[in-house]
Ligand code: ADP
Ligand code: ASP
Ligand code: MG
C-alpha cells in the first residue's frame, strides 16, 4: 500500500468550505487505496491574530505561553478536518503533538522535531486517516513547542521521513514553485522540477512557498517533495536531487525579501582585530550578520564597514554597538528600508557573465546596489526597498524567465 503525507497550508484550510474541499481531496486519495497522514496549518491569518493577542497583553509575552497559544491554531483545523472526513463516512482521527508525541529540541518558537512515536499511528493507518497538526511538538520537559513560522512544511517532511512515506505532497494556494512570486509578478512561470539546493536558496532568500528547514531536511534524507495546488488539478512542482535535472537556463528563479536592515560604521579604526571586535558581541547575541562590505578610506587610517542583519534585530544591534567599548568609529548610519533581491540557479556555475548581466540590468533601471553577496548558485544584492518589484521584474525578464 502507498503511504502518502498530504500537507495543507493556511489558505487551503482558510474557511469551512475549504476544509470540506480538503476532506474531499483526502477522500479521493484514500478511496484510491492509499494510506493517508494529513498535516494541517492553522486557518489563514489565525497565527498572526494569536500573535497580536499576545502582544496586546505584553510585547515580550512569555515564550512558553506563546507556544501554547500559537499551537491552538493548528489544533482547531485538525479537529474540523477530522470531523469533515467523518461526515464523509470515512474513519479519521486527530493525533495532537502531546498524544503522539512529537518530540522537539531547541528554544520556544524555534524548536526542531527530533523524533516521534510512529507505532500507534502506523497501526491506525490500516483502519483510517490520521490528521496531525503542523508547526508544533513537545519538549523533553513536556512543554508545548513550536518550530518557526511556516513550520507545518517541516512537520510534513519530518513525518515523511519518520514514517518512511512513499510521497510527501505540499498542497498550497498556488500551482507550484514559480520562477518568482506569481502573486506579485503575474508573468512568473511554474517550474516543473527543481533541485533541493536551488529550492533551499530560493526559500531562504524569501520564496515563502516552502519553509527552508523543511527543504533542508528533505535534502539531507533525500525525500522527494511535490508542491501543488489545493484549488486546481494541475501538475505541481517536483523537488528532488540534482543529478536528474537538465539545466538549459542559467537562472531558475528570482527571490526577494524585505526583512533586512543595513548598518554602516563610518570612520572605524583600520587595524587588525577591528572586524572581530565588532562582530563578536553580535555573534554572542545570536544576531545573524548576512553581508559585510569594507571600504578603505583615503587617509588609510580609517575605514567604513557596512553589514546587513534581519530588521527585527536592528534595535538590539544598535544597543550592542553603542555598548561596545572595544571599537571606535566616527559615526553610524542605519537603513531599515532595504530589500534583498536574489537570482538563483544551478546553471549559473557554468554560465559566464551572469554577474555582469544582473548589474547591467539593475543599472539600466537606475537601481543602486548597496551590497552584494554571492555563492555558487546564487547572487544577491541589497537595494532600496522602493525598487524591489522593479528589480525583480527586470531580472525576471533579462534572465528569460517571463
Ligand atoms: P501555505 O499557507 O500553503 O503554507 P504560503 O503562504 O506559506 O502557503 O506560501 C505560498 C505563497 O508563497 C504563495 O501564495 C506565493 O505568494 C508565495 N511565493 C513566494 N515566492 C514564490 C514562488 N517562487 N513560487 C510560488 N509561490 C511563491
Ligand atoms: N501556522 C503557522 C504559521 O502561520 C505554521 C504554518 O502555517 O506552516 O506560521
Ligand atoms: Mg507556508
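Every number here is computed from the coordinates shown, using simple stated rules; none is lab data. Nothing here was measured: the structure is a model prediction, and the numbers come from that model. As a convention, Cβ positions derive from the backbone with ideal geometry for all residues, glycine included, and neighbour counts pool all protein chains shown.
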Exercise. In what sequence, highest mean first, do 166-173, 289-296, 50-57 appear when ranked by Cβ atoms within 10 angstrom?
Worked result: 166-173, 289-296, 50-57
For this session: On a C-alpha basis, how far is the centre of the stretch 370-399 from the centre of the stretch 128-169 in Å? Whole number, if you could?
Result: 34
Exercise. Angle, helix 46-57 long axis vs. longest principal axis of the chain, Cα atoms, 0 to 90°, nearest 10?
Worked result: 60
Problem set entry | C-alpha center-to-center spacing [the stretch 209-228, the stretch 3-34] in angstrom | 20
For this session: Please list 116-123, 92-99, 274-281 highest first by mean number of surrounding beta-carbon atoms within 10 Å per residue.
Result: 92-99, 274-281, 116-123
Problem set entry | Label-point separation in nm, residue 56 to residue 140, each point 7 Å along Cα→Cβ | 3.8
Exercise. Of the peptides 310-322, 129-141, how do they stack up when ordered by the mean number of other Cβ atoms within 10 Å, highest first?
Worked result: 129-141, 310-322
For this session: In a Gaussian network model over the chain where Cα atoms closer than 10 Å are linked, find which of 23, 154, 44 has the largest mean-square fluctuation.
Result: 44
Seminar exercise, completed: Helix 274-284 sits off the longest principal axis of the Cα atoms of the chain, rounded to the nearest 10 on a 0 to 90 degree scale, by 20
For this session: Please say if the stretch 287-360 is rounded, prolate or oblate, where rounded means a/c under 1.5 for a ≥ b ≥ c the square roots of the C-alpha gyration tensor eigenvalues, and otherwise the choice is prolate for a/b larger than b/c and oblate otherwise?
Result: oblate
Seminar exercise, completed: In this structure, the FRET efficiency calculated for residue 76 and residue 231 from their beta-carbon separation, with R0 = 22 Å, to the nearest 0.05, is 0.55
For this session: Measure of size requested: the Rg and Dmax of the stretch 164-310, with Cα atoms as the atom set and Å as the unit; please supply both.
Result: 20.4, 65
For this session: Tell me, rounded to the nearest percent, the portion of alpha carbon pairs in the stretch 72-198 spaced more than 26 Å apart.
Result: 32
For this session: May I ask you to compute the full-extension gain from residue 349 to residue 296, defined as 0.36 nm times their residue separation minus their alpha-carbon distance, rounded to one decimal in nm?
Result: 16.1 nm
Problem set entry | Computed [θ] at 222 nm, helices only, for the chain once each DSSP H run of length n ≥ 4 contributes -39500 (n - 2.57) | -10000 deg cm²/dmol
Exercise. How big is the Cα convex hull of the stretch 13-129 in projection, averaged over all directions, in nm²?
Worked result: 7.8
For this session: Compute the semi-axes of the equivalent ellipsoid of the chain, taking the square root of 5 times each eigenvalue of the Cα gyration tensor, and list them largest first in whole Å.
Result: 41, 27, 18
For this session: Determine, at each q value in 0.11, 0.21, 0.23, 0.26 (inverse angstroms), the log₁₀ of I(q)/I(0) that the Debye formula gives when each Cα of the stretch 1-79 is one equal point scatterer.
Result: -0.37, -0.90, -1.00, -1.14
